[in-house]
């Protein structure tokens, strides 16, 4: 692993994005728009907005980064630049860390905007520190980047890559406790939701929402999400082959 | 090597030194893609500091052969030495430049941004910033894209994009440059300019070039040729020698002559089977 190559890769990914301002705008503004909508959908029941709003602050960065990374790395694979890079003295870890760094930075901006909007303008009632919300959002973004990277290895086209979103994200969305508390699901589904990382992302957000201090559950949630992100990033690295058929 | 039908061909080479200065040496090289054997036991050498043309029809295995040399092809068998190392060795990554058939550059970056990034991969760190800048400027000048340096690669014409891809390969002053059909689809003037550049690179920088093409008239521009067909090497020699030995006016005719001769032999049960491992055992006939 080489720091300079990692930074150069991250800078390159950001430079590519800079030539595509529309994508940046969509990435940053869509989550804010959704929160805004949600706030007034639940105009009569602010308690519901608190619950769902906090959960969504964890889910948005995951979904956005999943989509962006899976398409970006798929393009890298299909354009031949991945093969070129792997034939050059670039470590796989440099490439993956470069992507994670670039999209992580974007996720920080996205989460800051969304969290700031929710807490200060939409009246999201957070008992804990907004910084912790931001931390979980960042970990979620990394998890999304990791999942996107991994999944892109199994997609032969952009069309397939987009279809992986419902396949990988939707089941987690249904089971993460956003719609109904996890302990009220059928026992089999609860068991499944116990091993899905998004459940911990949402639980972490709710811990911050309800508790003024850092709880043990919060630490566990943050560690699980971070651990999953690292694990999936490692799996993603294994899908980058220097020699291909 | 052409003029000996046996595996002992190497010992009859006029100068043993030629073997020492081979940039690439392959023995019984095979490659399998899926169920198909794409390379069927190839033996050849690519001499150092010269331009070797890899010619043959589309689908004959040129790209697979090049990928094997660069070290990106999976399921490669036999022996393949590149610059004194086994192909795919990590130390070779900075010594080989490879240009794929389709330009592999970032369409959403400018020409200069593309080169800056790949230069940063080759020469990382602040200390090498000056080297990077020099390498990028030289590569842009080499491929004559100075006027388009700040244009997005995706906005360039096909020929310009492939020159960006070539510029990336030139960045590290590689010892071996592997170019997969670099002149396909280019106009005659550009093609001539690129060939002049290849000769200049070989002469001034001592670089070994392996250039593939399915256009036979490019053969005359190479120092040495590997003629390929259906995963086998039909002939390995200089353009003059090929023309002379087959008594033809062009390399294209020599190639067709060799193909017909091989087909005729395959039709006769007495002849060695082409797929039997040493393909070149089948064409001792043109020898005068």
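What follows draws every value from the coordinates through simple rules; no lab data is involved. This one's a predicted model, so the numbers in the text were calculated from it and none came from an experiment. Every residue, glycine among them, receives a Cβ derived from its backbone with ideal geometry; neighbour counts consider all protein chains shown.
So here's what we get for this one:
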| read-out | value |
| --- | --- |
| As computed over chain B, the Cα convex hull volume per residue (Å³) | 136 |
| Normalised contact order of the stretch A:3-238, rounded percent, pairs of Cα under 8 Å and 6 or more residues apart | 29 |
| Chain A - mean residue ellipticity at 222 nm from DSSP helices (-39,500 (n - 2.57) per run, n ≥ 4, rounded to 500) | -26000 deg cm²/dmol |
| Neighbour-count order for A:77, B:244, fewest beta carbons within 10 angstrom listed first | B:244, A:77 |
| Selected from B:230, B:220, B:35 as most flexible by GNM, with chain B as the system and alpha-carbon contacts under 10 Å | B:35 |
| Dimensionless Rg over Rh [the stretch A:47-183; C-alpha; Kirkwood] | 1.04 |
| For chain B: relative contact order, % (alpha-carbon pairs under 8 angstrom, 6 or more apart) | 25 |
| Among beta bridges that DSSP assigns inside chain B, antiparallel share in %, nearest 5 | 60 |
| Cα coordinate range in the protein assembly as shown, projected on the principal axes (Å, largest first) | 97, 52, 35 |
| Rounded to 5, percent antiparallel among DSSP beta bridges of the protein assembly as shown | 55 |
| Neighbour-count ranking [beta-carbon atoms within 10 angstrom, fewest first] of A:1, A:198, A:27 | A:1, A:27, A:198 |
| Over the stretch B:69-206, relative contact order from alpha-carbon pairs under 8 Å, at least 6 apart, % | 32 |
| Helix-only CD estimate at 222 nm, as mean residue ellipticity for chain B, using -39500 (n - 2.57) per DSSP H run (n ≥ 4) | -10000 deg cm²/dmol |
| Sorted by Cβ density within 10 Å, fewest first, the residues A:24, B:140 | A:24, B:140 |
| Projected-area mean, the stretch A:141-245, by convex hull of Cα positions, square nanometres | 8.0 |
| Percent of alpha-carbon pairs separated by more than 33 Å within chain A | 19 |
| Alpha carbon centroid spacing (whole Å) that separates the stretch A:82-115 from the stretch A:134-197 | 20 |
